[in-house]
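Let me begin by presenting the structure, written as structure tokens, before commenting on it.
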Amino acid sequence: MNRLLPIGVFDSGVGGLSVLRDIRKELCNEDLLYVADSNHAPYGDKEAEYIETRSVAIAQFLVDQPVKAIVVACNTATSAAVAQLRARFNVPIVAMEPAVKPAVEKTKSGVIGVLATCRTVSSDNFLNLLTRFGDNADIVVQPCPGLVEQVEAGDLSSDMTRSLLEKFVFPLLEKGADTLVLGCTHYPFLAPLIRSMAGIEVTLIDPGEAIARELRRRLETIGQLSHRERLGTEQFWTSGSPKNAKELISQLWETDVEVGRLPEV
């Protein structure tokens with residue numbers, strides 16, 4: 001494998017940009033390819049078979065580029081498809097899971113809240129997490145229908161978004177949660193709003209940094225870290241409207257970007 005090949009990252013939409021941001025900080029010399037499957041977002045209300053089909057198709061597109069590793073920057077896609085992806089593709093695949101373990105380690109009140117999509121909280125992976133760590137803390141799970149759509153619309157601070165968040169966050173705080181897990185990659189973009197509700201004494205856990213460190217570790221282990229001296233580049237694709245995606249990704253990435261149309265997969 002050529003260590004100068006890019007790293008592929010994908011999500012149901014733009015949420016995975018929060019992970020891409022952490023990868024860019026951790027691996028500043030790597031080229032990155034990002035696919036937003038926005039025409040099929042959100043994954044959180046789709047059947048597992050549908051999510052698996054989409055994940056395999058996008059991973060195939062990335063492998064064909066080619067890439068030297070894939071990051072599944074989506075908790076829902078991880079739970080539905082990561083086993084199939086690892087069985088099918090011969091590249092390192094790094095995937096998400098809600099950061100329940102570090103939250104349990106950090107809580108002082110013994111109560112943690114998990115904000116996640118409906119699909120994630122009903123997945124076997126998530127139920128296994130609860131089984132593994134539920135004896136060490138009171139884990140309060142909060143499905144958050146509608147939040148992904150707000151981020152996909154670029155609406156990070158409106159009254160409607162705030163109202164939705166209040167409905168999800170306040171019950172967790174009332175139950176004594178002092179640690180909140182952001183269990184969907186879209187949610188870090190709402191962290192300032194969540195922080196304003198929860199206060200500075202509540203810890204927000206975003207697994208993006210840990211994923212970036214794990215990606216570095218995996219590439220280091222197989223001798224595939226880039227040795228180039230220049231800064232890495234980013235390329236973006238969407239299965240939705242490139243015009244709309246350009247505006248939204250530029251907003252969230254905080255720089256003007258170009259977005260290509262994902263070939264029909």
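Can you list the helices (runs of 4 or more DSSP H) found entirely within segment 138-203 that contain at least 1 residues being over 17 Å from the mean Cα position of the chain (by Cα)? Walk me through it before giving the result.
Working: elements: 147-152, 159-174, 191-198.
Result: 159-174, 191-198.
Give segment 169-200 a look and list any residue that's hydrophobic (A, V, I, L, M, F, W, C) and surrounded by fewer than 21 Cβ atoms within 10 Å (Cβ to Cβ), or say none.
We begin by selecting, within segment 169-200, every residue hydrophobic (A, V, I, L, M, F, W, C); these are 169-170, 172-173, 177, 180-182, 184, 189-191, 193-194, 197-198, 200.
Selection gives Phe170, Leu173, Ala191, Leu193, Ile194, Met197, Ile200.
Any chance you could count how many residues in segment 1-13 are touching an Asp or Glu at 6+ places or on another chain (Cβ under 6 Å) and among the hydrophobic types (A, V, I, L, M, F, W, C)? Quick ask: steps written out before the conclusion?
Taking segment 1-13 and keeping what is touching an Asp or Glu at 6+ places or on another chain (Cβ under 6 Å), we get 6-7, 12-13.
Within this subset, residues satisfying the condition of being among the hydrophobic types (A, V, I, L, M, F, W, C) are 7.
Number of matching residues: 1.
Name every residue in segment 24-53 that is outside any loop (DSSP other than H, G, I, E, B), under 17 Å from Leu262 (Cβ atoms) and in contact with a strand residue (DSSP E or B) (Cβ under 9 Å, 6 or more places away or on another chain), in order of residue number.
Hits for segment 24-53 are Leu32, Leu33, Tyr34, Val35, Ala36, Ser38, Asn39, Tyr43.
Would a scan of segment 205-224 turn up a residue that is touching a helix residue (DSSP H, G or I) at 6+ places or on another chain (Cβ under 9 Å), assigned to a loop (DSSP other than H, G, I, E, B) and under 25 Å from Glu105 (Cβ atoms)?
Yes, segment 205-224 has at least one match.
Answer yes if at least one residue in segment 166-189 is among the charged types (D, E, K, R), closer than 25 Å to Leu248 by Cα and either assigned by TED's automatic domain parsing to the domain that holds Asn128 or modelled with pLDDT under 95 (or both), and no otherwise. Even if it seems obvious, please write down each step before you answer.
So the first thing to find is which residues in segment 166-189 are among the charged types (D, E, K, R), and the list is 166-167, 174-175, 178.
Applying the additional criterion that residues be closer than 25 Å to Leu248 by Cα yields 166.
Remaining after also requiring either assigned by TED's automatic domain parsing to the domain that holds Asn128 or modelled with pLDDT under 95 (or both): 166.
Looking for residues that are among the charged types (D, E, K, R), closer than 25 Å to Leu248 by Cα and either assigned by TED's automatic domain parsing to the domain that holds Asn128 or modelled with pLDDT under 95 (or both), one finds at least one in segment 166-189, hence yes.
Within the bounds of segment 216-232, is there any residue that is under 16 Å from Asp11 (Cα atoms), outside the structural domain of Leu130 (by TED's automatic domain parsing), surrounded by fewer than 17 Cβ atoms within 10 Å (Cβ to Cβ) and over 18 Å from the mean Cα position of the chain (by Cα)?
For segment 216-232, residues under 16 Å from Asp11 (Cα atoms), outside the structural domain of Leu130 (by TED's automatic domain parsing), surrounded by fewer than 17 Cβ atoms within 10 Å (Cβ to Cβ) and over 18 Å from the mean Cα position of the chain (by Cα): absent.
Would you check which residues across segment 119-149 are closer than 16 Å to Gly13 by Cβ, touching a helix residue (DSSP H, G or I) at 6+ places or on another chain (Cβ under 7 Å) and surrounded by fewer than 21 Cβ atoms within 10 Å (Cβ to Cβ) and list them?
In the first step, residues of segment 119-149 are kept if they are closer than 16 Å to Gly13 by Cβ; the result is 119-120, 144-149.
So of that shortlist, the ones also touching a helix residue (DSSP H, G or I) at 6+ places or on another chain (Cβ under 7 Å) come out as 119-120, 144-148.
Matches in segment 119-149: Pro145, Gly146.
Does Val67 qualify as being of a type in the set (A, V, I, L, M), modelled with pLDDT under 95, touching a Pro at 6+ places or on another chain (Cβ under 8 Å) and not in a strand (DSSP E or B)?
Values: of a type in the set (A, V, I, L, M): yes; modelled with pLDDT under 95: no; touching a Pro at 6+ places or on another chain (Cβ under 8 Å): yes; not in a strand (DSSP E or B): yes.
So Val67 does not fit the description; no.
Go over the candidates Arg3, Arg21 one by one and state the one that is part of a helix (DSSP H, G or I) and surrounded by fewer than 24 Cβ atoms within 10 Å (Cβ to Cβ). It would help to see each step written out before you state the result.
Working: Arg3 fails: part of a helix (DSSP H, G or I).
Being part of a helix (DSSP H, G or I) and surrounded by fewer than 24 Cβ atoms within 10 Å (Cβ to Cβ) holds for just one of Arg3, Arg21, which is Arg21.
The values are calculated or read from the model by the stated rules, or taken from the named source; none is laboratory data. Just so it is clear, the model here is predicted, and its values are computed rather than measured. Positions of Cβ are backbone-derived with ideal geometry, glycine not excepted, and every protein chain shown enters the neighbour counts.
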